[in-house]
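Here the structure comes first, spelled out in structure tokens, and everything after it is commentary.
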Amino acid sequence: MLLRDFFGLLVSLPAAIALAFIVYLPGEGGVLLRRAYYRMRFKSCGVDLRIMPGVHITGHDLIEVGNNVTIRENAVINTCAPLVDDKRELRWVGIPGKVERGVVRIGSHSRIAFGALILGYGGVIIGEKCGIGPGAIVLSETFHHSGGDRARMYKYSQGALPQEQCVAQGTVELMDGAGIASHTVVLPGAVIGRDAWVAPNSVIRPGGKVCDRVIAQGSPAVPVFQRGIGG
């Protein structure tokens, strides 16, 4: 076993070192290197992409990025295509068909701040000129305590058997100009309207909606102010 692990390390180490160099290289050189690297790997990518050191991204071929997008240090974008033989019970939240499951779309001139997390398994649409605050969490998939069989005890842990898991998925959408502040949590199927803003430490419930130009706050978030047309 140890010998097999050793040879596995020898095979994987060069690629791991190269990836670490790409991910963590500081300065403008690192920005340019990551721009070239992800432009080749993303499903689509506009111009002037700026990805800062320490950003971790999976599911590259499902990610679409517009022009002048910035992703700040230590942000995480994690996605993948739906499992072919998924034995977990799936509950869909919100409106299906807005985007393919697993696709993460980031519109032009949007910003993702330090330490934000985007989980894209159910699909995430971020419009143009949107902002994701520091430590904010966008979840298009979460584990659920209940499913179709009321006699069954569903478990939250990924370590549980697939037959014991109930997963809630739903496309999350931030429409053009929308923003979520620091440490806000957005749950599956939620929609945040045009030029709307969600205050820090708020929670947008599954399938929840924040209307256009509304400022929302709380857990669950509720409207606290209606912005004017030019507000």
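The values are calculated or read from the model by the stated rules, or taken from the named source; none is laboratory data. Model, not experiment: these values are computed from the prediction. Cβ: placed from backbone, ideal geometry, glycine included. Neighbour counts: every protein chain shown. SASA here: full protein model, heavy atoms, side chains in, ligands and nucleic acids out. Shrake-Rupley method; radii C 1.70, N 1.55, O 1.52, S 1.80 Å.
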Residue identified as open to solvent by 60 Å² or more (accessible area, probe 1.4 Å), touching a residue at least 60 places away in the same chain (Cβ under 8 Å), touching a Ser or Thr at 6+ places or on another chain (Cβ under 9 Å) and not in a strand (DSSP E or B) among P188, P206 | P206
Quickly run through segment 168-185 and pick out the residues that are surrounded by fewer than 24 Cβ atoms within 10 Å (Cβ to Cβ) and assigned to a loop (DSSP other than H, G, I, E, B).
-> M175, D176, G177, A181, S182, H183
Subset of segment 59-80, residues open to solvent by less than 60 Å² (accessible area, probe 1.4 Å) and assigned to a loop (DSSP other than H, G, I, E, B), comes to G59, G66, N68, V69, E73, A75, T79, C80
Are any of the residues in segment 135-150 among the hydrophobic types (A, V, I, L, M, F, W, C), more than 14 Å from the chain's Cα centre (by Cα) and assigned to a strand (DSSP E or B)?
-> yes
When you go through R101, R39 one by one, which is the residue that is surrounded by fewer than 16 Cβ atoms within 10 Å (Cβ to Cβ) and basic (K, R)?
-> R39
